[in-house]
Structures are given as C-alpha cells and as structure tokens.
Amino acid sequence: MKKFQFILGLLFCSLSLAAQRADYRVVFDLTSRDTIDQKNMIRWLKEISESNPEAKLEVVMYSKGLELVVKDKSYVSEDVTKLAANKNISFSVCAVAMKNNAVTADQLLPGVHIVPDGIYEIITKQREGWGYIKAAR
C-alpha cells in the first residue's frame, strides 16, 4: 500500500510540474520595410506583453526590416522606443544588413542592439527553445 501511495504521489507531482506554465519566449524575424508589417509587429509585441508580462520577446531585423528601428525611416519610432525600455522585449539589428544598407549605429533608435548576424541570432534562439515567427503578411 505504501508503494502505491508513493507511486501515486510521484505521478501527482509529475503532472503538476508538467501543468506549470512553460516559458513564453518568441523570436520574430522581420525583413520587410512595409509599414503595415511594422505596425503589425508593434501590435503583436504590445498584445503579447500585456497579456503575459513575463513573456520574453525579441525582434530580429535584417535586410530591409531594419527600417523599423532607423530614426528617419521608422513609422513606429515612439512605440519602438517605449517597448525597448521593457526588459523583456529586445530589438536586434543585423550588422551585415546595416553595412549593406549604409546604416550606422547612431541612426538607430535608443535601446536597439546590434548583433553580428541576424539569421544566426534567430537560429541561436531556436536552439535555446524559443518559438519562431516570421513577421510578414
């Protein structure tokens, strides 16, 4: 009987651990300069962070997607600056894309991080168990 209770107790503990909420970590892949895609990206970040304040979110931009965080090209610069101040939201720009598009670090909005390679950043996050969303229509 004691063995049965022990096994039942282990089963209960296992189920309760499995039922706990898993980490919410998502990396977004943005390569579009389209203003609708920029606005959608901001809307998604706001909605997720409001519904789950502990969610870890990262937007990785390369190609023309970096315009989301370039001072004179972003249609949502105020929103990006506000969201970048959230410790759980990060904006990462590919250094190669910056070079290819003649963008310098001083042209980026405050709080934006530069990563050596945007695709590698995404792959790294996926290896760490982050979900992946391609941000495009």
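Can you pull out every residue in the stretch 40-73 that is surrounded by 22 or more Cβ atoms within 10 Å (Cβ to Cβ) and more than 16 Å from Ala136 (Cα to Cα)?
Within the stretch 40-73, Leu57, Val69 qualify.
Quick grid of which residues meet (1) closer than 19 Å to Ser32 by Cβ; (2) in contact (Cβ under 8 Å) with a residue 24 or more places away in the chain; (3) surrounded by 14 or more Cβ atoms within 10 Å (Cβ to Cβ):
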{"residue": "Lys99", "(1), (2), (3)": "no, no, no"}
{"residue": "Pro116", "(1), (2), (3)": "no, no, no"}
{"residue": "Gln126", "(1), (2), (3)": "no, yes, no"}
{"residue": "Trp130", "(1), (2), (3)": "no, yes, yes"}
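Looking at (1) at pLDDT 95 or above; (2) open to solvent by less than 30 Å² (accessible area, probe 1.4 Å), find the lone condition where Asp37 falls short.
(1)
The values are calculated or read from the model by the stated rules, or taken from the named source; none is laboratory data. Note that the coordinates shown come from a computational prediction; the quantities given were computed from them, not determined experimentally. Cβ: placed from backbone, ideal geometry, glycine included. Neighbour counts: every protein chain shown. The protein model used for the area step is the full one, side chains on, heavy atoms only, and it has no ligands, DNA or RNA in it. Shrake-Rupley method; radii C 1.70, N 1.55, O 1.52, S 1.80 Å.
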